[in-house]
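The next block holds one structure in the form of structure tokens; read it before the comments.
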Amino acid sequence: MADLTSHEAAAHEAHALPVMLPPGKLVGRDAILARVYSQLKENKPILVYGASGIGKTALAATLASAYTELPGGVLWLNVSNTPFPELLARIGRAYNIKELVGSDNPVSLVALAMSTLIAAKPLIVLDGQINAQAASEFIMRCADKLPVLLINDQELTGPWTNIALGKLEMQAAETIFTHLASDQGEGLDDLIRALDGIPFAITVAAGAVRAKQQTPAAFLAALPKRPGVPAPLLTLTAAFGMLSSALQGLLLLMGASFRGEASAELFSLIAGAPEETIAQALNGLMQQHLVERIERYGKPYYRLHALTYTFAQSWLRGSGRLDGLQIKIRDATLAYARKYSGAPDRLAAEMDNFLAVARWAAEQGDREIANQLALMLMQAGDFVNARGYVYELLLLRGLMASSTSAFPAYTDVQPALLFEEDQDEDDAEETGESEPFESDFEAESGDEDADEDLIEDESDDDLVVDDLDDDDVDDDSQYVVPLPFGVTGADNDEDEDEADFEDELDIIGAIEDFDESEALEESEAISTPESSDEITQMRAALVQARQSGNRRQQAELLSSIGKAQVERGQETEAISTYAEAINIYETLDDSPGLLATQEALAALELKTENIAAAILHASRGVELAEDIGNDASQRKLLTTLGDARQQSGESEAAIQAYTEALDLARTADDQPNVALILYKLGYAQLDSGEPNDAIKSWEVALTAFREQGRRDYEGRALAALGTASGELEHWTEASRFYNSALHIARETKDGDEEMLRLTDLGYTAVQSHQLGQAVLRYRQALHLAYVSENRANIVSTTVDLGRLLVESQRHLDITEMLVNEALKVDGNDRDLKRLKERIQDEREVLAPEIQQAPVGGTAQDYAANAYALLENS
């Protein structure tokens, strides 16, 4: 995955948070801010709950803005019943974790997500509709020692503390209103009481008062007279009625979308209006606090508050226009995906909308939309892999392959309107039980046609909505609210700035006449092409196998995918794939399939240094191979087990595993593996303090390698004998063996082996007190390190060489040149820093008569000049 920054990345500046910060200081919440902060400071998870519009997100944003100044920043994830695997995939994108975002099974890499979060130490915020099970699993498996803040409408049970957020007191509510509305006139106290201490209602009312330059009393007069109806609903009704028809239309268009949010570019395609005009109008709505604006990839991104979204959808249902608009939004979204197929940022910005459209279409029985979107993403260059959307691509494939229930990650849940009843409160910050209202403002009067929105009378230009069930209101009473499509409410005069784009922005008319061919060229029918990507084909087959419940086919496909991933170098992904295959083979009681996969997985885990896992799978595989009598697999797994034991420092256990593998290889007269196992056995014997046994093993292996013509391993066996000789302090013999190994490394053009042998010869020369020879060998090794651009080798060889040269006062300039060059490679290396300090100390006591050896050229030249002597020998 390229080094790209996702819009889901942790924020390290307040303005980078994916949420609008409250204007000015958060008012009236000091006590609860302190309480929440004290919990977060101790890394205790906390859930703040309360009715929609009560100010939970503003509270979280205030806390988060402070945390952005800390090194870990803030990982803010907006959620909508989001499952645990999706949370992991989003963490992968946030921190650019290639293995995690490239996996079709993120849960198998939960340890990688956990270690990444622990290292980063962010404040984690989950804001929206919390999936309690997913959030609990996420905290326990990924964020147990991190500050986690959850925001939800309702109290939930989980590994967190629940804190209720209640209504504002009168004084705090008045302070917020006066701050947002600027100049006020009469009626402020009465309006504040009507707004019932709910921050959302206060903010929207203040925005309308300021935009229309009216008094609080005038806005109060525009509120529908409806006892028992929650203040946010009444406030939205009045504020909506004061908008121009163009802004009303745009607000409703946002409400018709499947998430209530998108970029101006997407809304422009939907409305058939210029992007600049759409952006101007959206900014106008934002100034009235009816729309929120953030940024994604340097461009504005707009969203509705959950209450406004539900309000707009209810209007559209009441007018019978929601379904038609959603079809047009579906088509415009497909047009957007085609138009920006070459713009990864634009595709990433709208991925949530792609999934929402696909799910809506699938629920209508149309799976072709998911198919088209999946193909567009697959054909958009390397977008899916480079930007980390493998998980989302699989969701789309699931939608196109079978019922939507198989992939529930993006269920579009309508925001519920939960408003609290007035009550006496002992604690101003806590509330009691809330009474739910129907989210679509539908009556429950028992009409036979329950699917129709309850419109009593359309003879006039007003929409009459039936009473909501409420014990405090007469069932037959009604109230009148203004129509959305240009019908005037209380003061619907247009401001001059709105008039500038009024003629151009006839949103509703534009949508009804929307023709995708006018925005983009008519798309050709998309058929499923034969994919040239082998893994993509197998993954598609795997989805179908999962849907059909064919577990044997799933296991075989997973094994094949794992093998293909290994061939491509996708080793971490292959580990996850093999692990899933093993689980299925175990349920099938398929010993041969299980053994083959255990063997592949153990070897791969060893290669990627997952030592504990390699030991586990190799041990299980050895037992299984013995049970079914598969000596070849048993020998391979014993060798892998020996390698893993040796790497973990368990040399005695490694000797045992190698010895058992050696017996099996000799029984099968497998001479190549006999030699290889003896070579490995020698190192285990040396590390366990048995150098003479190691020499015997290596001498036999050396003879076998020579007979087999395995020149590379012949050189390695000679080097091993040099190491054993050095262990016995037989430095002359060690030098002889290393020189022979160096000759073979140069013959086989193995640069890594050659550098190692030169380093070995340098160390041997130091032990033999041949310091000039040691300097020469280290210089030659340093040249190879520079040629291969191996940063670790450059640093380590420079340290070895510098420690020799600094002992000679004549070579301080040369030593400093070498160290300075290495510090460019790793400026934090402690050994280099110590050498730098040593050079300064030596200069302070440098005798005046000592002349520095001339520095000719660069550090690379100094190393290359020495290597030229080797080339010419």
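Things to note:
- Going through (1) farther than 24 Å from I97 by Cβ; (2) at pLDDT below 90 one by one, L557 falls short only on (2).
- Evaluation of K607 against the conditions (1) over 21 Å from A555 (Cβ atoms); (2) more than 29 Å from the chain's Cα centre (by Cα) shows that the sole unmet condition is (2).
- Odd one out for G102, checked against (1) farther than 19 Å from T536 by Cβ; (2) out of contact with any Gly (no Cβ under 6 Å at 6 or more places or on another chain): (1)
- Neighbours by Cβ (under 7 Å, 6+ apart or cross-chain): first from region 61-85, open to solvent by 40 Å² or more (accessible area, probe 1.4 Å); second of a type in the set (G, A, S): N78/G128
- There is at least one residue in region 742-751 that is outside any helix (DSSP H, G or I), more than 25 Å from K636 (Cβ to Cβ) and in contact with a Lys or Arg (Cβ under 9 Å, 6 or more places away or on another chain).
- Of all residues making up region 47-60, the number that are open to solvent by less than 10 Å² (accessible area, probe 1.4 Å) and assigned to a strand (DSSP E or B): 2
- Put simply, of K25, K44 the only residue that is without any contact (Cβ under 8 Å) to a residue 24 or more places away in the chain, touching a Ser or Thr at 6+ places or on another chain (Cβ under 9 Å) and not in a helix (DSSP H, G or I) is K25.
- Just one of (1) closer than 21 Å to A745 by Cβ; (2) at pLDDT 90 or above; (3) out of contact with any His (no Cβ under 7 Å at 6 or more places or on another chain) fails for N872. It is (2).
- Residues located in region 726-741, provided they are without any contact (Cβ under 8 Å) to a residue 24 or more places away in the chain and in a helix (DSSP H, G or I): E733, R736, F737, N739
- Members of region 835-863 found to be out of contact with any Leu (no Cβ under 8 Å at 6 or more places or on another chain) and among the polar types (S, T, N, Q), listed by number: Q840, Q851, T858, Q860
- Test for T659: is it without any contact (Cβ under 8 Å) to a residue 24 or more places away in the chain and either under 25 Å from R568 (Cβ atoms) or surrounded by fewer than 18 Cβ atoms within 10 Å (Cβ to Cβ) (or both): yes
- Residues satisfying the stated conditions in region 822-850, i.e. over 45 Å from the mean Cα position of the chain (by Cα) and loosely packed, with under 15 Cβ neighbours inside 10 Å: Q840, D841, R843, E844, V845, L846, A847, P848, E849, I850
- Residue check, R338 modelled with pLDDT of 90 or more, among the basic types (K, R), assigned to a helix (DSSP H, G or I) and open to solvent by 10 Å² or more (accessible area, probe 1.4 Å): yes
- Residue that is least open to solvent (accessible area, probe 1.4 Å) [pool: residues in region 148-182 that are among the acidic types (D, E) and closer than 16 Å to G128 by Cα]: D153
- Qualifying helices (runs of 4 or more DSSP H) (wholly inside region 350-399; at least 3 residues being open to solvent by less than 10 Å² (accessible area, probe 1.4 Å)): 351-363, 368-378
- Test: residue in region 110-128 that is modelled with pLDDT under 90, open to solvent by less than 10 Å² (accessible area, probe 1.4 Å), farther than 23 Å from Y297 by Cα and small (G, A, S): no
- Single residue of R645, R620, R552 found to be among the basic types (K, R) and either under 25 Å from E99 (Cβ atoms) or assigned to a loop (DSSP other than H, G, I, E, B) (or both): R620
- Residue selected from region 276-289 under the condition within 25 Å of M351 (Cβ to Cβ) and not small (G, A, S), by the criterion most open to solvent (accessible area, probe 1.4 Å): E276
- Scanning region 756-787 for residues that are more than 15 Å from A859 (Cα to Cα) and open to solvent by 50 Å² or more (accessible area, probe 1.4 Å) yields a total of 8.
- The set of residues from region 662-672 being over 22 Å from E650 (Cα atoms) and part of a helix (DSSP H, G or I) comprises A665, R666, T667, Q671, P672.
- Of the set (1) modelled with pLDDT of 95 or more; (2) in a loop (DSSP other than H, G, I, E, B), all apply to I163 but (2).
- Residue within region 309-326 that is in contact with a helix residue (DSSP H, G or I) (Cβ under 9 Å, 6 or more places away or on another chain), under 30 Å from E13 (Cα atoms) and either outside any loop (DSSP other than H, G, I, E, B) or at pLDDT 95 or above (or both) present: yes
- Residue count for region 685-706, restricted to those that are among the small types (G, A, S) and without any contact (Cβ under 8 Å) to a residue 12 or more places away in the chain: 1
- When region 168-198 is filtered for residues that are touching a Gly at 6+ places or on another chain (Cβ under 6 Å) and closer than 18 Å to L220 by Cβ, the ones remaining, listed by number, are L168, A173, I198.
The values are calculated or read from the model by the stated rules, or taken from the named source; none is laboratory data. Note that the coordinates shown come from a computational prediction; the quantities given were computed from them, not determined experimentally. FYI the Cβ positions are ideal-geometry reconstructions off the backbone, even for glycines, and counts take in every protein chain you see. Side chains included, ligands, DNA and RNA excluded: accessible areas come from the protein's heavy atoms. Shrake-Rupley method; radii C 1.70, N 1.55, O 1.52, S 1.80 Å.
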